[in-house]
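First the structure, then my questions, so here it is.
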Amino acid sequence: MFKLPKLDYEYDSLVPYFSKEMLEVHHSKHHQAYVDKLNAVMESLPSLQTKSIEDIITNLNDVPEEFRVAVKNFGGGHYNHSIFWKFLSPNGGGEPSGKLAEAIVNKYGSFQAFKEEFTKKALGVFGSGWLWLQPDLSIVMTANQDSLLSQGLPAAILGVDVWEHAYYIDYKYNRAEYIEAWWHLINWSQIEKTL
Ligand SMILES: [Fe+2]
């Protein structure tokens, strides 16, 4: 059975950018709900129960059709959130360094230009979804809880949850303020290690 991953930081450690309540509700209620619903579906899929979440959502065609949409939504929700938490740190923010910084400058001209482009696209996601940064530094959106892996794309090196459930407690409907706060939390030193 899948489990809600423990965070590498405390619920109150991303203050003032994400309040304790916002982080706690997002992790312990919203993410937990995806885990619970995924586990409920997996009870009907014994042949998949030994597989990793990455494996399952990469190979959605192996899921019997009647369960496929549920696995895509709940499995995608579990996977997307699991990586999202890893991109954050109480000591995050600022700018990347080393070869990641160089690659961003090569592709976008400057870190500031990259930040503006990513922010513009995050604000442009219609409805609920995610915005991701690929290892080649291209920016890709997925709708709802669709995952990059299900679309045959590599795992993201960075991504942001733009579902309203991610920010309504602190920022109401104001996605722009939430995205601006999120930049202060990005765990660049960890992301650099994944390249
Ligand atoms: Fe979320």
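Residues SER44, SER28: which one is under 20 Å from the mean Cα position of the chain (by Cα) and either modelled with pLDDT of 95 or more or open to solvent by 80 Å² or more (accessible area, probe 1.4 Å) (or both)? Don't jump to the end; show me each part of the working.
Details: SER44 fails: under 20 Å from the mean Cα position of the chain (by Cα).
It is SER28.
Give the number of residues within region 114-141 that are exposed (fewer than 14 other Cβ atoms within 10 Å of the Cβ) and among the charged types (D, E, K, R).
Looking only at that region, the number is 3.
May I pose another question? Which ones in region 145-167 are farther than 16 Å from ALA122 by Cα and either open to solvent by 50 Å² or more (accessible area, probe 1.4 Å) or among the β-branched types (Val, Ile, Thr) (or both)?
Once the filter is applied, which keeps residues that are farther than 16 Å from ALA122 by Cα and either open to solvent by 50 Å² or more (accessible area, probe 1.4 Å) or among the β-branched types (Val, Ile, Thr) (or both), region 145-167 yields GLN151, GLY152, LEU153, PRO154.
Among residues belonging to region 64-91 that are touching an Asp or Glu at 6+ places or on another chain (Cβ under 8 Å) and of a type in the set (S, T, N, Q), point out the one that is farthest from MET22 (Cα to Cα).
The extreme case among them is ASN80.
Return yes when VAL15 is farther than 30 Å from GLU180 by Cβ and outside the structural domain of ALA166 (by TED's automatic domain parsing) and no when it is not.
no
Looking for whichever is closer than 19 Å to GLU54 by Cα, among the small types (Gly, Ala, Ser) and out of contact with any Leu (no Cβ under 8 Å at 6 or more places or on another chain) here; the options are GLY129, GLY98. Which one fits?
One residue alone meets the criteria, GLY129.
To continue, here is another question. Return the residues of region 145-163 that are within 15 Å of the ligand (Cβ to nearest atom) and closer than 14 Å to PHE87 by Cα; say none if nothing qualifies.
ALA156, GLY159, VAL160, ASP161 - these are the residues of region 145-163 that are within 15 Å of the ligand (Cβ to nearest atom) and closer than 14 Å to PHE87 by Cα.
Follow-up. Go through region 8-25 and give me each residue that's open to solvent by less than 20 Å² (accessible area, probe 1.4 Å) and within 14 Å of the ligand (Cβ to nearest atom).
Answer for region 8-25, where residues must be open to solvent by less than 20 Å² (accessible area, probe 1.4 Å) and within 14 Å of the ligand (Cβ to nearest atom): PHE18, MET22, LEU23.
Filter region 92-107 for residues that are touching a residue at least 40 places away in the same chain (Cβ under 8 Å) and open to solvent by 60 Å² or more (accessible area, probe 1.4 Å); which is farthest from PHE18 (Cα to Cα)?
So the residue we want is LYS99.
Go through region 172-188 residue by residue and tally those that are free of Cβ contacts under 8 Å to residues at least 40 places away in the same chain, in a loop (DSSP other than H, G, I, E, B) and not charged (D, E, K, R).
Going through region 172-188 one residue at a time, the tally reaches 2.
Follow-up question, since we're still on this one. Could you check, for region 56-65, whether at least one of its residues is within 19 Å of ALA181 (Cα to Cα) and either at pLDDT 95 or above or out of contact with any helix residue (DSSP H, G or I) (no Cβ under 7 Å at 6 or more places or on another chain) (or both)? Can you show your working first?
Taking region 56-65 first, the residues within 19 Å of ALA181 (Cα to Cα) are none.
Within region 56-65 (the criterion being within 19 Å of ALA181 (Cα to Cα) and either at pLDDT 95 or above or out of contact with any helix residue (DSSP H, G or I) (no Cβ under 7 Å at 6 or more places or on another chain) (or both)), the answer is no, since none of the residues qualifies.
The values are calculated or read from the model by the stated rules, or taken from the named source; none is laboratory data. Model, not experiment: these values are computed from the prediction. Reconstructed Cβ throughout: ideal geometry from the backbone, glycine too, with neighbour counts over all protein chains shown. Note: accessible area is taken over every heavy atom of the protein model, side chains too, but ligands, DNA and RNA are not part of it. Shrake-Rupley method; radii C 1.70, N 1.55, O 1.52, S 1.80 Å.
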